[in-house]
Every structure is written in C-alpha cells, then in structure tokens.
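See structure below.
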Amino acid sequence: MRPQSLFLTLADAPGSPLYQRIALTLQNAILEGRVPRQTALPGSRVLADLLGVNRRTVIAALQELEAQGWLVTRPNSGTFVADELPSGAGVGPHPGTLPGAQVGFDLPSILQPASMTVAGDLLLEDGAPDPRLAPAEELAKGYQRALRRHGPRILSDRDPLGTPLLREIVAAWVSERHGVSVGPERILITRGSREALVLLAGALFRPGSLAAVENPGNRRAWDIFQQIAKMELRPVTVDAEGMVPSALEAVLRQDRIRVLYLTPRRQFPTTAVLSQERKKAILQLAETYRLAVLEDDYDGEYCYEGARTEPLLSMDGTGQVIHIGSLSRLLAPGLKLGYMVLPPPLIPYLAKLRRSRGELGDPVLEWAVADLIRDGELVRHLRKVRKIYASRRDFLVARLQKDLGDHLEVVTPQGGLSLWLRGREGTDLEAWIQAARSSGLILNPPSFFHEGTPEPAFRMGFAQADERELEEAVTRLEKARRTLGPVAG
C-alpha cells in the first residue's frame, strides 16, 4: 500500500488512551475494506506522520493489534494485515453500521441497556492470564498443522491419557524446568486443574475420607472434595511462609488423613511461598503418615523477582506427590488444558476411569499446544507476558497504596497473578466488597477463603486487566468505600 493512498482519521473513543484509539482506527480501516487482508502497512514513522502522533505511540498500537491477531510481522518484510482476522471480527463495513445491527423493536425492561451491567463488570476476584495477549496466531497455525498432517488419526479416536505428542512434550518441559526426570508414562493430560481434582478425588478417596487443606485456601477445590467426592475437610493454618508443618502434624495425629491439598509455590490465596525447610518437613510428614499430596502448581511459573522456587515434585523421593499443572494458566483460561504427573501405577486406572466417564480431551488443541511448546513459542510468550504482568502488578500496587493505603495493607508479591490485600483495623471488608460488587467490581470477601473466623483479607487479580481497567477498578473500590462512611476505616 502506498502511504499517500491511506487516509486515516483518529477514532473517537473518549477516555481511551491514544494508542488504543490508533488501534481502533486501524481496526475500522481493516473492517471497512480500506486496508485489505495481507496488505503491507506503511512504516511506523509514516503512520505517525499521517495521524500526527508520536511514533512510539504508533508502535504501541501496532503491538496491541498484533497481540490481538489483526496484524502479523514478517522479518525483513514489514507489518501486514492478517490473512485470518480474529474470531468475531467480521468482514466488510464495521458491524455497527450494518443493516440489522440495531434493535428495531422494544426490549423488555430487563434487557434495556441500562440493565446490561455484565459487560461493564471488572472480574478481578482472582488473577488470570489476559486472553488478549495469547499467541492466537501461532495457536491457529498449530491447529491447521495438526489437522493437515494428522487429521484422520486425531479425529478417529481420543486417547484417555491425552495426545502422545503432548505427553512427551510436557514430560520434557517438566524435566527441564524443574530438574527432575519425568517420562511420558507418568503424564496424564486433563481439561484443566478442575478435572484433575475431580478425577483424583473420585478415584482415590471414598466418601467420608479426610482431606487436609490450607486455611485460608482454595474454596473451589474444597467444593470438589466435599460435594463431588463427599470428603470431610480438616483445615491447616497458613502464615506468611505458607502451611505451618506443626499445625499439619497436629491434624495428622488427631485424624486419619488420606490426602493433603497444597499450593506450595504460590499459596492460594495469600501468595505466600513455602520455604525449603517447610517443604522438607511436610514431605517427611507425608511419608510418615502415608499421605497423598496433591500439589496444585497453578501459578508457579509467574516469578518476577528473585529465584524461581521449585515444586514439591522435584523433592519427592518416596512417591507421595501428585503434581497438577495448568497450561491454561500459561496461555489463556478458555483453553481448559492441564496435566498431572503421577506415580506410574495410577496411570492405567485413571485412564480407564476417564474413558468410562467420557471425559476425554480435545486432541486437536493438544497437538496445537504441543507444537507451541516444541517450537519454543510458550517460552517466548512467558518471557513477554511476565514483563507485562509485572508492570500491571506494580501499577495496581502503586494506585492502591496512594488512594487506599489508609484502609488496606498492600504488599507486592514476587510472583503470581493476584494481590493479597489486608484490611487495616476497623475496616469492614465484607461490607466493602459487597458494595464494590454492586458497582461492578467483582471480588470475593474474606469469608470465601476461610474455614471458621476469617482474617480481614481478600484477593485481587491484576494480570487480566490493563492499566485503564485497573485504574477503573481502584476508582470503583474507592467509591464503594465511601458509601460505607467512617465504619470502613
């Protein structure tokens, strides 16, 4: 495309950063057909001159569009409009201008725009990877390669253990990352951590069995143990260094505990990192009491400062640990893909159980993700998003300390995707969070994370929101506090 043939007028988007307005301008030009697919864009300097903006702002807009799948960069060639636009992007004129895009009849009052608050909600009750940053183009190519090269094989049947290629790739990934020798015969691919817990709880433990869990801890895991497996829970105290071994030992002496559920690399919800000394003590207790340890490594790969801690799996010499990993947490939550590292004798039994339940995976997705890992794309993606998430963490911490530091104790975690925020004396967090939810900021109150009397603290995600969204979240949280008056602190 010749630069002189491209006429751009900045899109009107009040309140949006300039780079987002530039991105929207180019999106509209693509959707309207003024910039066809596979077209080479002018250079960033030319675009900056056309729009009358700083070149660095244009580069930020181009990077955003590339991350979303609108553009592709070809080495030594330039930046091009993607051949396949992001899902739901549409073609031709902008969807908002198409006939039928507007509602031509009266809506029931429940559907009136003023009542449609879901789209405006900020879901920060837990940290999650931002799907806008997912390597969508590379994943799409992986899908195409999988179907083109292995279509009949992939589509004919599904292996209850997961696609053999992904099992091999995950085994190599775990071995390389954690310095432990793991073969594919120990890997079972799952549709996320939830399925892993459901499968293990239903297969290994009888109704009425006792499970030791962290307190505060992961209520979604507790619900699986209690509601699906009909197990009983025994809470174990967590402090600033994670689970307290002496508290675990007291529980083990009192009851016949069958399983310990643990999040050692990034304790959920407090973000505490279990020390090496405590890991050794807990593994010793597990061996002594013949305890199965379910290690949920949901956030361990996100480390921003300091040395990366190793999982219990790397220290387990007696076969106590079942390691649960998540690939969704590394790419995008909607993928629903994870794995377990298991003692070999469990593999055939769990495979048979999984097949009998019809809970098999998506082989095309598994092949595509295996390609991502094998080609080094996952490592490159993690390197990129760690920097982005660390920046978002720092931004949210700074805003909370500045605007709400009199009411919240804000500590910067070394890793993970969430903050653990403690209320200062006199702060009614339960009422405050309820008021925030009413304004569309979705958080969970302290009682959600605790068995028994809760400490005044809650979890707030930062990774899935950009700075504009985090700024809005702090504004809503501050407004919600003001509605409570002096009672809130």
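Summary table below
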read-out	value
Conditions (1) open to solvent by less than 10 Å² (accessible area, probe 1.4 Å); (2) part of a helix (DSSP H, G or I); (3) under 27 Å from Arg191 (Cβ atoms); number of the one not met by Leu248	(3)
Residue identified as under 16 Å from Arg258 (Cα atoms), open to solvent by 20 Å² or more (accessible area, probe 1.4 Å) and modelled with pLDDT of 95 or more among Pro184, Pro235	Pro235
Output for segment 65-87, where each listed residue is of a type outside the set (Phe, Trp, Tyr) and open to solvent by less than 40 Å² (accessible area, probe 1.4 Å)	Leu65, Ala67, Gly69, Leu71, Val72, Gly78, Thr79, Val81, Ala82, Leu85, Pro86
Residues of segment 28-59 that turn out to be assigned to a loop (DSSP other than H, G, I, E, B) and closer than 22 Å to Ala134 by Cα, as a count	2
Sole exception among (1) touching a residue at least 60 places away in the same chain (Cβ under 8 Å); (2) under 22 Å from Glu176 (Cα atoms) for Gly361, by number	(2)
Helices (runs of 4 or more DSSP H) contained entirely in segment 321-438, each with at least 3 residues that are surrounded by fewer than 23 Cβ atoms within 10 Å (Cβ to Cβ) and either touching a Gly at 6+ places or on another chain (Cβ under 9 Å) or of a type in the set (A, V, I, L, M) (or both)	346-357, 363-374, 377-404
Qualifying residue in segment 128-150 (condition: part of a loop (DSSP other than H, G, I, E, B) and charged (D, E, K, R))	yes
Residue, surrounded by the fewest Cβ atoms within 10 Å (Cβ to Cβ), within segment 193-232, restricted to residues that are more than 27 Å from Pro333 (Cα to Cα) and without any contact (Cβ under 8 Å) to a residue 40 or more places away in the chain	Pro207
Residues located in segment 11-45, provided they are small (Gly, Ala, Ser) and open to solvent by 70 Å² or more (accessible area, probe 1.4 Å)	Gly15
Residues of segment 195-215 classified as closer than 15 Å to Ile322 by Cβ and either at pLDDT below 90 or acidic (Asp, Glu) (or both), total	6
Search result, residues across segment 443-465 that are touching a residue at least 40 places away in the same chain (Cβ under 8 Å), surrounded by fewer than 17 Cβ atoms within 10 Å (Cβ to Cβ) and out of contact with any helix residue (DSSP H, G or I) (no Cβ under 7 Å at 6 or more places or on another chain)	Gly452
Candidates Leu111, Leu62, filtered to the one that is within 32 Å of the chain's Cα centre (by Cα), modelled with pLDDT under 80 and either farther than 20 Å from Pro131 by Cβ or open to solvent by less than 30 Å² (accessible area, probe 1.4 Å) (or both)	Leu111
Search result, residues across segment 46-58 that are open to solvent by 60 Å² or more (accessible area, probe 1.4 Å), farther than 20 Å from Glu32 by Cα and either out of contact with any Ser or Thr (no Cβ under 9 Å at 6 or more places or on another chain) or modelled with pLDDT of 85 or more (or both)	Asp49, Gly52, Asn54
Cβ-Cβ under 7 Å pairs, at least 6 apart or on other chains, segment 312-338 side among the polar types (S, T, N, Q), far side part of a loop (DSSP other than H, G, I, E, B)	Ser314/Gly179; Ser314/Val180; Gln320/Leu291; Ser326/Gly192; Ser326/Tyr298; Ser328/Gly192; Ser328/Lys336; Ser328/Leu337
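The values are calculated or read from the model by the stated rules, or taken from the named source; none is laboratory data. Since the model is a prediction, treat every value here as computed from it, not as a measurement. Please note: Cβ atoms are built from the backbone with ideal geometry, for glycine as well, and neighbour counts cover all protein chains shown. These area figures cover heavy atoms from the full protein model, side chains too; ligands, DNA and RNA do not enter into them. Shrake-Rupley method; radii C 1.70, N 1.55, O 1.52, S 1.80 Å.
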